[in-house]
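Everything below concerns the one structure shown next.
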Amino acid sequence: MEPPRIYTERARGDYANLVDLSSSIHDFRLDFGQILGQVANSLEVRPMVSIFISPSLAKQLREMLTEQIDHYERSFGLITTAMPIRPSPSQGVN
């Protein structure tokens, strides 16, 4: 079997400040979006993209994120996290 062809161009990048995660027996779903604002107790969220990945890729992603976060914190200091914001089902990133 030939080695895989690797394309070097990058996909268009966007900034997300919200991610929601769900899973089934077959895959993990990451829904990315942007919080545009908050009115009273409601968030205004712009859905961006849903990415479906296999369980094995989800585990690889976890390991890569852990490694990158550890490196970041050694270089720049601890990352603080605010109270997690999860949209209600009616606000969810579809």
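A short reminder: the numbers here are calculations on the coordinates, not readings from a lab. Everything numeric in this text was worked out from a predicted model, so none of it was measured. Neighbour counts run over all protein chains shown; Cβ positions are idealised from the backbone, glycine included.
List of remarks:
- Within-11-Å neighbourhood charge of residue 58 [Cβ basis; K, R +1; D, E -1]: +1
- q = 0.14, 0.15, 0.20, 0.30 Å⁻¹: log10 I(q)/I(0) that the Debye formula gives for the range 31-78, counting C-alpha atoms only: -0.63, -0.70, -0.84, -0.95
- Among 12, 74, 46, the residue with the largest mean-square fluctuation in a Gaussian network model of the chain, with springs joining Cα atoms closer than 10 Å, is 12.
- The chain: angle of helix 55-76 to the longest principal axis, Cα-based, in degrees nearest 10: 80 degrees
- Helix-only arithmetic for the chain: the sum of -39500 (n - 2.57) across DSSP H runs with n ≥ 4, divided by the residue total, places the mean residue ellipticity at 222 nm at -8000 deg cm²/dmol.
- Residues of the range 1-39 with amide N under 14 Å of a point placed 7 Å along Cα→Cβ from residue 54: 26-28
- Peptides 55-66, 25-36 ordered by average Cβ neighbours within 10 Å, highest first: 25-36, 55-66
- Descending Cα extents along the principal axes, the chain, whole Å: 57, 34, 30
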